[in-house]
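Beneath this line is the structure, given in structure tokens, with notes to follow.
The values are calculated or read from the model by the stated rules, or taken from the named source; none is laboratory data. Since this is a predicted model, take the numbers as computed values, not measurements. All Cβ positions, even for glycine, are placed from backbone atoms using ideal geometry, and neighbour counts span all protein chains on display. Surface areas here come from the heavy atoms of the whole protein model, side chains and all, with no ligands, DNA or RNA. Shrake-Rupley method; radii C 1.70, N 1.55, O 1.52, S 1.80 Å.
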Amino acid sequence: MSLPSNMNVSWVDAHQMLAEMNNMYAVLYPAPPTAETTVSVAQMFREIVWTPLDWLRLSCYAVIFVASFVGNLLVIITMAQNRKMRTITNVFLLNLVSNLYCAL
């Protein structure tokens, strides 16, 4: 196979282009981790530095989670005890609430 006569590509240029393509491939598809490069989950959590803002955010999420859990539980109890509350719309809402508990 020969190159067309209008292409002025030297072997050095072709070698450089091939090396650049190999570098791009190495960036896009890095080598899988080995035993020496892996880090345990415990080591990762030990290295995390919790700032006061992180603790505030965590406590806010915890309060929201507990409040929504208790509120949804009250909806389920109310629907189970009151026969008048069993309308089509409320049963639909009950299904939404029960799906939230299935996700937990």
Pairs returned, first residue in segment 52-78 that is outside the structural domain of Leu94 (by the TED database), second residue that is modelled with pLDDT of 95 or more, beta-carbon separation under 6 angstrom, 6 or more apart or interchain, are none
Among the residues of segment 31-55, which ones are modelled with pLDDT of 75 or more, among the polar types (S, T, N, Q) and open to solvent by 80 Å² or more (accessible area, probe 1.4 Å)? none
Look at Ile76 and say whether it is aliphatic (A, V, I, L, M), within 21 Å of the chain's Cα centre (by Cα) and at pLDDT 80 or above. no
Name the residues in segment 76-90 that are part of a helix (DSSP H, G or I) and open to solvent by 60 Å² or more (accessible area, probe 1.4 Å), would you? Ile77, Ala80, Gln81, Arg83, Lys84, Met85, Ile88, Thr89
